[in-house]
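Notes for the one structure printed next.
What follows draws every value from the coordinates through simple rules; no lab data is involved. Just so it is clear, the model here is predicted, and its values are computed rather than measured.
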Amino acid sequence: MPSSRLPKHSKPLPNDVEQPSPASKQYLEGFPRLSALTASDPDLQVYRRFNRLASRNLLYLQAEILDLEARLKEFDAEDLELASAEEEGGDWMEVKLSARCWEVFRERAEQGEKREKERMGLIKELRERLAEYQDALIRQSTILNLEHPNRRVRGAITGWFEHNRPLVGHGRNLFDGKAKYDTVAIRTAPDQDRLTLFLQNYLGYLFRNRKMKKDYPLDWDGMYYFPETTIKHIVSVLSVLLSAALLVGAITSLYYVEKASSLIGLLAAFTTVFAGSIGLLTNARKVEVYAATAAYAAVLVVFIGNNLPGRS
């Protein structure tokens with residue numbers, strides 16, 4: 001089953017998507033129509049992150065916990081003062097027992113002893129706030145690790161939204177201004193090389209599925225769907241042809257050149273083109289680019305040294 005991609009489109013409407021589910025009927029304006037669009041393709045599952053609100057929520061929870069911590073320290077200081085005054089009488093023994101034995105502390109709190117009851121309430125509130133705070137931290141960490149939608153996908157969904165304005169009220173401004181960059185993609189495309197991205201962004205419309213046009217709701221006009229496998233096959237063919245051309249072309253050129261300085265110049269030129277093609281058209285790491293370039297140059301050097309007449 002092909003996955004979806006959204007190439008760049010020159011119209012103000014969204015860009016492209018790939019292989020949608022049938023959508024021959026129209027949808028009610030509003031959330032039904034917007035949800036039908038986002039559900040039509042996995043790449044369109046784009047939502048707001050609300051990073052600023054999430055940060056503020058964490059700060060509020062943090063402040064609440066700090067306040068509870070300060071109150072707990074006050075209780076501890078008072079208990080220490082009472083426990084240190086043994087010779088003066090009072091309830092220092094109960095204070096010490098409550099500090100060392102949970103069962104005694106719980107029993108006195110259940111019996112309605114003021115200090116223990118207040119402390120127990122504080123502990124339970126602190127426990128709830130800590131759990132809420134830690135859960136919020138983990139959730140925010142998870143959200144931050146989710147990737148942003150790529151520019152093409154973001155342009156598709158926000159372009160359609162701005163053109164059609166399916167929501168009213170505050171929802172009308174869902175992707176306005178900088179909010180369009182405060183987004184998260186539920187499903188992100190696998191790491192792709194630059195050649196694939198170029199074909200998707202600028203030439204995707206050439207591979208669109210025209211037969212499926214009739215299944216789109218009318219307000220999806222301007223969007224087009226195409227199978228990712230087509231792009232993958234084209235990239236594979238182009239990669240093979242480019243690799244063969246760089247190797248065969250270099251060997252052929254070197255074979256017909258006699259002048260040593262020209263040989264060195266051609267060797268440097270082809271090696272540079274090879275390294276550039278790998279660096280620009282693939283996602284190879286630097287070390288991989290260096291290794292591939294060294295191997296390519298070594299092949300050409302061996303060819304010059306062993307296979308051309310009069311050279312050793």
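Worth pointing out:
- Extended-chain gain in nm, criterion 0.36 nm per residue less alpha-carbon gap, LEU241 and GLN26: 72.9 nm
- For THR183, the residues 5 or more places off, or on other chains, whose built amide H falls under 5 Å of its own are ARG49.
- Phi angles across the stretch 151-165 convert, under the Karplus curve 6.51 cos²θ - 1.76 cosθ + 1.60 with θ = phi - 60°, into 3J(HN,Hα) values of 4, 5, 5, 4, x, 5, 6, 6, x, 5, 5, 5, 6, 9, 6 Hz, Gly and Pro given as x.
- Reciprocal of mean inverse Cα separation for the stretch 41-134 (Kirkwood radius, Å): 16.0 Å
- The phi torsions of the stretch 36-45, fed into the Karplus equation with coefficients 6.51, -1.76 and 1.60 and a -60° offset, translate into couplings of 5, 5, 5, 7, 6, 7, x, 5, 8, 6 Hz, rounded to whole numbers, with Gly and Pro shown as x.
- In this structure, the pairs whose alpha-carbon distance is over 29 Å, taken from LYS178/LYS232; LYS96/LYS124; LYS73/LYS114, are LYS178/LYS232.
- D_trans [Stokes-Einstein, Kirkwood Rh over alpha-carbon pairs] for the stretch 231-307, 20 °C, 1.002 mPa s, µm² s⁻¹: 163 µm²/s
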